[in-house]
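Structure first, then comments.
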Amino acid sequence: MEVTSVVKSVVPQSNLFEVLESGMEHEQVVYCYDKETGLKAIIAIHNTVLGPSLGGTRMWMYENESLALNDVLRLSRGMTYKASISGLNLGGGKAVIIGDAKRDKTDAMMRKFGEFVNSLNGRYITAEDVGTSTADMVSVSQKTKHVTGLPELQGGGGDPSPVTAYGVYMGMKASAKDMWGSDSLSGKRILVQGCGNVGQNLVKYVTEEGAKVFVSDIHEDHLKKMVADYKAEVVDKDAVYDLEMDIYAPCALGATLNDITIPKLKCAVVAGAANNQLHDEGKHGMMLLDKGIVYAPDFLINAGGLINVYSELQGYNREKALEATRHIYNVTSEILKKAKTEKISTVNAAKQIAEQRIRDKKNQ
Ligand code: NAD
């Protein structure tokens with residue numbers, strides 16, 4: 001008798017291996033459950049060829065488990081590309097905790113999560129992300145040393161946003177050089193969409209260089225601060241894509257480059273911090289290319305935060321982290337040149353270089 005026929009399945013049919021075989025190609029997916037603390041987490045390790053996988057822990061009220069799995073698979077894969085293109089000896093990983101960060105998160109839950117991270121013996125290193133904070137990473141650190149994103153007082157790098165903004169600034173300057181032959185942003189009309197932790201720092205950099213800065217946000221307070229501190233001009237959030245500008249810097253949400261916005265866009269360069277700016281990577285990358293817009297790939301130019309937490313592994317030094325982030329300028333130039341020569345989208349150019357680095361390491 002076949003064994004499977006007498007075993008009653010307690011879970012609905014799962015097709016995770018099919019998903020992995022169809023191109024996601026993760027090495028390991030770990031489900032973590034703890035009844036006492038209510039922890040329900042998934043850790044996804046995408047690729048460890050270049051080094052241990054590193055990526056933040058996102059806590060989010062996913063409507064169902066399959067959406068959480070989808071998110072962690074997608075995000076961890078993105079981390080592999082981000083680490084590789086940034087030249088870091090790191091692989092891609094990510095974790096999600098299912099729950100409401102404001103209501104459900106406890107110190108005990110985060111410590112339990114730390115135990116699960118520890119059980120992976122360093123194949124996955126965690127950090128903060130949406131819904132988790134440096135304080136949560138302190139809880140995690142009580143159970144594992146495989147954690148970054150700790151406060152400066154504890155040897156960590158603190159808030160990575162200023163370093164992320166610096167990397168975006170470097171990528172923006174390299175894109176300007178490619179478009180106009182000079183990397184000076186003086187006199188350029190730059191719109192920063194989203195003036196949160198990263199956007200505010202970016203506004204500071206470009207204002208100091210003499211750019212004409214426009215800002216858009218849904219929080220009145222953030223806009224008021226930008227007007228008071230940098231004399232930025234406010235643009236209604238619905239008028240962003242009608243504005244004549246040189247550079248559009250998406251620093252709020254993903255997918256703002258899509259079928260509706262790209263035909264309207266009146267800019268020469270797109271360079272911002274938001275993750276997953278292209279709604280459809282293949283299609284919208286090509287639409288920007290056809291419109292003659294230089295697009296600085298998000299996962300490359302927003303890697304400053306990752307570079308910042310990576311430097312914690314070597315003993316944190318802010319100057320060294322900024323120095324390494326400065327390199328984003330050179331990598332952006334290299335990618336834009338490759339894309340132009342091969343007439344491919346800048347995203348594809350960046351992905352090809354990232355994949356090649358992994359293949360080279362594998363074949364060593
Ligand atoms: P944040 O939450 O501090 O700031 C986001 C800002 O966007 C807020 O001020 C919010 O009010 C505003 N916003 C939201 N919806 C908007 C809309 N429709 N129009 C205009 N503004 C809107 O986030 P952050 O840390 O500054 O990160 C910004 C983006 O960069 C996010 O997409 C994030 O995933 C990405 N990113 C951040 C880091 C980092 O180090 N913080 C690293 C890599 C990528």
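The values are calculated or read from the model by the stated rules, or taken from the named source; none is laboratory data. What you see is a predicted model, and the numbers here were worked out from it, not measured in a lab. Quick reminder, even Gly has a Cβ in these numbers, built from the backbone with ideal geometry, and neighbours come from all protein chains shown. Note: accessible area is taken over every heavy atom of the protein model, side chains too, but ligands, DNA and RNA are not part of it. Shrake-Rupley method; radii C 1.70, N 1.55, O 1.52, S 1.80 Å.
Taking only the range 138-155 into account, find how many residues are within 16 Å of the ligand (Cβ to nearest atom) and either surrounded by fewer than 24 Cβ atoms within 10 Å (Cβ to Cβ) or among the polar types (S, T, N, Q) (or both).
4
Just one of 69, 153 is over 16 Å from the mean Cα position of the chain (by Cα), not charged (D, E, K, R) and not assigned by TED's automatic domain parsing to the domain that holds residue 48; which is it?
One residue alone meets the criteria, 153.
When the residues of the range 75-105 are filtered to those that are among the charged types (D, E, K, R) and touching a helix residue (DSSP H, G or I) at 6+ places or on another chain (Cβ under 8 Å), which remaining residue is modelled with the lowest pLDDT?
77
Taking only pairs six or more apart or across chains, which ones have beta-carbon atoms under 6 Å, a first residue in the range 174-194 that is assigned by TED's automatic domain parsing to the domain that holds residue 269, and a second residue that is in a strand (DSSP E or B) and open to solvent by 40 Å² or more (accessible area, probe 1.4 Å)?
If the second residue must be in a strand (DSSP E or B) and open to solvent by 40 Å² or more (accessible area, probe 1.4 Å), the pairs left are 189/212.
Which of the following residues is open to solvent by 30 Å² or more (accessible area, probe 1.4 Å), more than 15 Å from the ligand (Cβ to nearest atom), of a type outside the set (Phe, Trp, Tyr) and at negative phi: 280, 229?
Of 280, 229, the one residue that is open to solvent by 30 Å² or more (accessible area, probe 1.4 Å), more than 15 Å from the ligand (Cβ to nearest atom), of a type outside the set (Phe, Trp, Tyr) and at negative phi is 280.
Being open to solvent by less than 10 Å² (accessible area, probe 1.4 Å) and either away from the ligand (no atom under 13 Å from the Cβ) or more than 18 Å from residue 197 (Cβ to Cβ) (or both) is the filter here, so list the residues in the range 246-259 that pass it.
Residues satisfying the conditions are 247, 248, 257.
If a residue has to be part of a loop (DSSP other than H, G, I, E, B) and either of a type in the set (A, V, I, L, M, F, W, C) or open to solvent by less than 50 Å² (accessible area, probe 1.4 Å) (or both) to count, how many in the range 118-137 make the cut?
Total meeting the criteria: 8.
Hand me the list of helices (runs of 4 or more DSSP H) wholly inside the range 1-117 holding 2 or more residues that are surrounded by 22 or more Cβ atoms within 10 Å (Cβ to Cβ).
Counting at least 2 such residues, we get 65-85.
Do you know which residues across the range 213-225 are more than 10 Å from the ligand (Cβ to nearest atom) and open to solvent by less than 10 Å² (accessible area, probe 1.4 Å)?
Passing the criteria: 213, 214.
Can you tell me which residues in the range 328-364 are of a type in the set (Val, Ile, Thr), in a helix (DSSP H, G or I) and open to solvent by less than 70 Å² (accessible area, probe 1.4 Å)?
328, 331, 332, 335, 346, 347, 353, 358, listed by residue number.
Checking residue 133 against (1) under 22 Å from the mean Cα position of the chain (by Cα); (2) at pLDDT 95 or above; (3) of a type in the set (Ser, Thr, Tyr), which test does it fail?
So residue 133 meets the others, but not (2).
Considering only residues of the range 292-308 that are among the aliphatic types (A, V, I, L, M) and more than 9 Å from the ligand (Cβ to nearest atom), which is surrounded by the fewest Cβ atoms within 10 Å (Cβ to Cβ)?
The extreme case among them is 293.
Could you list, ordered by first residue, the pairs with Cβ atoms under 8 Å in which the first is in the range 287-316 and over 13 Å from residue 83 (Cβ atoms) and in the same structural domain as residue 352 (by TED's automatic domain parsing) and the second is within 16 Å of the ligand (Cβ to nearest atom) and open to solvent by 50 Å² or more (accessible area, probe 1.4 Å), at least 6 apart or interchain?
That search, which allows pairs on different chains as well, returns 298/275; 298/276; 316/152.
Looking at 194, 199, 210, 171 in this structure, which one is open to solvent by less than 50 Å² (accessible area, probe 1.4 Å), over 17 Å from residue 250 (Cα atoms) and either within 15 Å of the ligand (Cβ to nearest atom) or not charged (D, E, K, R) (or both)?
Step by step, each of 194, 199, 210, 171 is checked, and only 210 is open to solvent by less than 50 Å² (accessible area, probe 1.4 Å), over 17 Å from residue 250 (Cα atoms) and either within 15 Å of the ligand (Cβ to nearest atom) or not charged (D, E, K, R) (or both).
Taking the options 315, 305, name whichever one is in a loop (DSSP other than H, G, I, E, B) and either within 22 Å of residue 54 (Cα to Cα) or β-branched (Val, Ile, Thr) (or both).
Checking each option against the conditions leaves just 315.
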